[in-house]
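Here the structure is laid out as structure tokens; the discussion comes afterwards.
The values are calculated or read from the model by the stated rules, or taken from the named source; none is laboratory data. Predicted, not measured: the structure shown is a model, and the values here were computed from it. All Cβ positions, glycine included, derive from the backbone under ideal geometry; neighbour counts span all protein chains shown. To get the accessible areas, we keep the full protein, side chains included, count just its heavy atoms, and leave off ligands, DNA and RNA. Shrake-Rupley method; radii C 1.70, N 1.55, O 1.52, S 1.80 Å.
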Amino acid sequence: MQTIVAFLVAIGLLVAVHEWGHYIVARACGVKVLRFSIGFGPKLWSRVSSHSGTEFAVSLIPLGGYVKMLDEREAEVDAVDRHRAFNTQSLSRRSAIVAAGPLVNLAFAVLLYSLLNWQATPAAAPVLPVPVTGSQAEMGGWTGGERVLRVGASPDALEPVQTFDEFRWQLTSAALGQSTLYIETVPGQEKTSGSPVVRSLSFAQTSTNAADASMFQRIGWVSPFSKPVLGDVAPDSRAALAGLQSNDLVTSVNGASIADASTLRAMIRSSPEKPMEWVVVRGSESLRLSVTPAFDRSGGQTIGRVGAFVGSIPEMVEVQYGLFEGIWRAVRKTGDIAWMSLTTMGQMLTGQVSLTNLNGPLAIADYAGKSAALGFVSFVGFLALVSISLGVLNLLPLPVLDGGHLMYYLWEGVTGRPVPEKWWERLQRLGIALLLVMMSVALYNDIQHILG
């Protein structure tokens, strides 16, 4: 139920924001708005404004919405109202009305990120885990436990990093841009431990097309540093049968020293049905226990599981920015995500990125429910991310989308005449077909994700 409610709230709010952009600019340009609808199909609720004459409605199918304006191409318009019809407006006004929807979505994301930046929010500190075996970070000499102080595209232009998520974002941008990231760290978890050292990771030869878990595996850092301490142990699990208990500190497995939780998790995942000798510290006592991870098939992979939460809560820091810095960071983050989304869509078209990265309504509903379960901050972050995606998608030069209409207006501005009606109709049909194909692929991906 929470997933459904979170999805409806998210989609309803973001669609309302998008259509409000069209509506408010249309009104400002003197265009008569006949209907403002959230959703399509049969109306569930409607009310006509006595001030503007606009009908506000909520319709049955929540996947979208529309603003219906007075237009001579759709119905006969009285001569007295002709100056208020959309099609009689200047090219600049029509362009502004169409562009307003997606641009307001981007502005809304800036607002949401600003709100998050202005409040004190706990986040994981930028302390690096032990790198994944064979990863780029391991080959680069990182050993784990280093605290990141600053990062940047140049050793002379490093910016402070306060959280692990900020560091991951910098990694993502550098990896997808196939550039070099310079990282300043101190060789220990404490800020005062040792002198700062600047090292670099070059992604110039790295073939990375999507910011997914496999990308961070190849880089070497998936999650922040966490001590190899056990959390809740499930009854009758392999961990419980082996005698493991909550708060046990794992110091070695099969004779190999365990420095952090990510190393222990990797060893468990790679050892289904293989007996392992663990050394754990429980209070002042050291115990040697035999643990055999259970066989589990997840996401098409065979992995081992012990039935216990592995890893302590990472070191947390409280992050809060001032008024102007919070806005500036929100603008930068919105721009970076929008550019990354646009780049990923382009790579899908060229075949560089798999179409399996395309998500549909079921995946969005799943993410909405999970983010809502994590709390207000996570849900607001999710809303901002989807708002950016909605804005970028609608700016694509695809017929039937806002970007397609802007493409028509560009033609009109260059040639001095509108797109011929027969070509307009053909392009609209093509746009609908392409949109249906995209939705079908996204829905297929959603179903595959659900089925595992």
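Among the residues of the stretch 118-164, those that are open to solvent by 40 Å² or more (accessible area, probe 1.4 Å), in a loop (DSSP other than H, G, I, E, B), under 30 Å from residue 322 (Cα atoms) and in contact with a Ser or Thr (Cβ under 8 Å, 6 or more places away or on another chain) comprise 153, 155.
Residues in the stretch 68-77 that are of a type in the set (A, V, I, L, M, F, W, C), in contact with a Phe, Trp or Tyr (Cβ under 7 Å, 6 or more places away or on another chain) and either in a loop (DSSP other than H, G, I, E, B) or open to solvent by 50 Å² or more (accessible area, probe 1.4 Å) (or both): 70 alone.
Restricting to the stretch 21-36, what's the tally of residues that are assigned to a helix (DSSP H, G or I) and either surrounded by fewer than 18 Cβ atoms within 10 Å (Cβ to Cβ) or modelled with pLDDT under 85 (or both)? Explain how you work it out, then say what you get.
Step one: of the stretch 21-36, the residues assigned to a helix (DSSP H, G or I) are 21-28.
When the remaining residues are screened for being either surrounded by fewer than 18 Cβ atoms within 10 Å (Cβ to Cβ) or modelled with pLDDT under 85 (or both), the result is 24, 27-28.
Counting residues in the stretch 21-36 that are assigned to a helix (DSSP H, G or I) and either surrounded by fewer than 18 Cβ atoms within 10 Å (Cβ to Cβ) or modelled with pLDDT under 85 (or both) gives 3.
Yes or no: the stretch 56-67 includes at least one residue that is assigned to a loop (DSSP other than H, G, I, E, B), more than 16 Å from residue 402 (Cα to Cα), open to solvent by 60 Å² or more (accessible area, probe 1.4 Å) and out of contact with any Lys or Arg (no Cβ under 6 Å at 6 or more places or on another chain). No - not one qualifying residue is present in the stretch 56-67. For the condition among the basic types (Lys, Arg) and modelled with pLDDT under 90, residue 218 qualifies. Answer yes or no as to whether residue 384 is under 30 Å from residue 214 (Cα atoms), at pLDDT 90 or above and in a helix (DSSP H, G or I). So residue 384 passes the test. Does residue 309 satisfy the criteria of being in contact with a Gly (Cβ under 7 Å, 6 or more places away or on another chain) and closer than 30 Å to residue 162 by Cα? Yes: the conditions hold for residue 309. For the stretch 37-55, a tally of residues being in contact with a Leu (Cβ under 9 Å, 6 or more places away or on another chain) and open to solvent by 60 Å² or more (accessible area, probe 1.4 Å) returns 4. Scan the stretch 395-405 and tell me whether some residue there is surrounded by 19 or more Cβ atoms within 10 Å (Cβ to Cβ), under 23 Å from the mean Cα position of the chain (by Cα), modelled with pLDDT of 90 or more and aliphatic (A, V, I, L, M). Yes, there is a match, as at least one residue in the stretch 395-405 is surrounded by 19 or more Cβ atoms within 10 Å (Cβ to Cβ), under 23 Å from the mean Cα position of the chain (by Cα), modelled with pLDDT of 90 or more and aliphatic (A, V, I, L, M). When 295, 309 are checked against the criterion of being in contact (Cβ under 8 Å) with a residue 12 or more places away in the chain, in contact with a Lys or Arg (Cβ under 9 Å, 6 or more places away or on another chain) and either assigned to a loop (DSSP other than H, G, I, E, B) or open to solvent by 30 Å² or more (accessible area, probe 1.4 Å) (or both), 295 stands alone in meeting it.
Only residues that are within 12 Å of residue 244 (Cα to Cα) and of a type outside the set (Ser, Thr, Tyr) were counted across the stretch 278-304, and they come to 9.
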